[in-house]
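S.K.: Below is the structure I would like to discuss, written out as structure tokens.
What follows draws every value from the coordinates through simple rules; no lab data is involved. Given the structure is predicted, the values throughout are model-derived calculations rather than measurements. Every residue, glycine among them, receives a Cβ derived from its backbone with ideal geometry; neighbour counts consider all protein chains shown.
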Amino acid sequence: MKSILDNRPALTKEVNKVAEVAGYLWQKGWAERNGGNITINITEFVDDEIRQMKPISEVRTIGALMPNLKGCYFYCKGTNKRMRDLARWPMENGSVIRILDDCASYVIIADHPVVPTSELPSHLGVHNDMISKGSPNKASVHTHPIELIAITHSPKFMKKDVATRMLWSMIPETKAFCPRGLGIIPYELPSSLELGEATIKVLEDYDVVMWEKHGVFAVDCDVMQAFDQIDVLNKSALIYIAAKSMGFEPDGMSDAQMQEMTIAFNLPK
Ligand code: 13P
Ligand code: ZN
């Protein structure tokens, strides 16, 4: 069977990275059943032959206007598809979509008519926003990391920047690799437009966004780096929980140590 990836090594490499990350998400226990989703903007890899490919689905509406996505192409995880399956068969558990000229709808063009993730409004909204800002980010990852979600069950950590400060203070590298920290979005219905809008807004100020009692959403230049950001933050949450389960509240790095690190690594305050 023919695939859009045939004889396209650069595109194949990007899709294979998604498959690799999907495997990590499953191994970490962050991707129960169909949990989580990934999209990547692949427009830069699209040639004339792809542009002429006939749709293999009906026209589907996004639910919101995406003025900067006209003629863009995305690889998207399929809704209800498992990360552990996507890791082995990315083109059976995800598909390539083309955004139509009305900027409000799309068609699936390859390889199979796999319907994209239910969180598409959040993903596309964020891609639309990144393009408007000239951002080099091309990948967005939503996943269900156990320990980071657990901390959102405490109202203390839902207050502005409390979770970020705690996570940064567990191990110096966290601030170095996640210098703008973890933004918090109070609970919203999964896959809602409201969740998408809140995600765009909070990503203006933070590297990674937490959807209360649900999961995280990260963007970066590629899918591997988006995964790394979540992994670094969750590692800090694990250290916090390990200390708590040994029966004590972890001290965390002192303000002076954090300050020294911020200057030495040239990080934002
Ligand atoms: P999908 O299977 O539609 O991608 O949904 C998974 C999920 O995590 C929703 O938040
Ligand atoms: Zn989810």
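S.K.: If VAL114 satisfies every condition in (1) within 16 Å of ligand 1 (Cβ to nearest atom); (2) β-branched (Val, Ile, Thr); (3) in contact with a helix residue (DSSP H, G or I) (Cβ under 9 Å, 6 or more places away or on another chain) but one, which is the exception?
M.R.: All conditions are met except number (3).
S.K.: If you go through segment 156-188 one residue at a time, how many are among the hydroxyl-bearing types (Ser, Thr, Tyr) and farther than 14 Å from VAL202 by Cα? Before you say what the answer is, go through the steps one by one.
M.R.: Step one: filter segment 156-188 for residues among the hydroxyl-bearing types (Ser, Thr, Tyr), giving 164, 169, 174, 187.
Going one step further and asking which of them are farther than 14 Å from VAL202 by Cα, we end up with 169, 174.
So the count comes out to 2.
S.K.: Another question, if that's okay. Checking LYS213 against (1) of a type outside the set (Ser, Thr, Tyr); (2) part of a loop (DSSP other than H, G, I, E, B); (3) closer than 20 Å to ILE171 by Cα: exactly one of these is not met. Which one?
M.R.: Going through (1) of a type outside the set (Ser, Thr, Tyr); (2) part of a loop (DSSP other than H, G, I, E, B); (3) closer than 20 Å to ILE171 by Cα one by one, LYS213 breaks only (3).
S.K.: If you don't mind, there's one more thing I want to ask. In this structure, does GLU188 turn out to be within 16 Å of ligand 1 (Cβ to nearest atom), in a loop (DSSP other than H, G, I, E, B) and within 29 Å of GLY134 (Cα to Cα)?
M.R.: yes
S.K.: Here are SER140, SER105, SER95: which of them is within 16 Å of ligand 1 (Cβ to nearest atom), polar (S, T, N, Q), in contact with a strand residue (DSSP E or B) (Cβ under 7 Å, 6 or more places away or on another chain) and farther than 17 Å from LEU195 by Cβ?
M.R.: When all the criteria are applied, what remains is SER95.
S.K.: Mind checking which pairs have a first residue in segment 152-173 that is free of Cβ contacts under 8 Å to residues at least 60 places away in the same chain and a second that is among the β-branched types (Val, Ile, Thr), Cβ under 7 Å, 6 or more apart or different chains?
M.R.: Here the result reads LYS156/VAL162; PHE157/ILE151; MET158/THR152; MET158/ILE184; ALA163/ILE151; ALA163/ILE184; GLU173/VAL232, each pair linking segment 152-173 to a residue that is among the β-branched types (Val, Ile, Thr).
S.K.: In this structure, is LEU195 hydrophobic (A, V, I, L, M, F, W, C), within 29 Å of GLY35 (Cβ to Cβ) and surrounded by fewer than 18 Cβ atoms within 10 Å (Cβ to Cβ)?
M.R.: no
S.K.: For a quick check of your reading: which helices (runs of 4 or more DSSP H) sit entirely within segment 127-179 and have at least 2 residues that are within 16 Å of ligand 2 (Cβ to nearest atom)?
M.R.: 146-151
S.K.: Another one. Starting from segment 194-220, take each residue that is among the hydroxyl-bearing types (Ser, Thr, Tyr) and list its partners that are in a strand (DSSP E or B), counting only C-beta distances under 7 angstrom and pairs at least six apart or across chains.
M.R.: THR199/ILE185; THR199/VAL209; THR199/PHE217; TYR206/LEU182; TYR206/GLY183
S.K.: A further question on this structure: Tell me, which helices (runs of 4 or more DSSP H) wholly within segment 3-86 include 2 or more residues that are farther than 23 Å from SER132 by Cα, of a type outside the set (Asp, Glu) and touching a Leu at 6+ places or on another chain (Cβ under 9 Å)?
M.R.: 9-27, 83-86
S.K.: Residue check, THR152 against (1) more than 16 Å from ligand 1 (Cβ to nearest atom); (2) in contact with a strand residue (DSSP E or B) (Cβ under 9 Å, 6 or more places away or on another chain); (3) farther than 23 Å from THR79 by Cβ, all met but one. Which one?
M.R.: Among (1) more than 16 Å from ligand 1 (Cβ to nearest atom); (2) in contact with a strand residue (DSSP E or B) (Cβ under 9 Å, 6 or more places away or on another chain); (3) farther than 23 Å from THR79 by Cβ, THR152 violates only (1).
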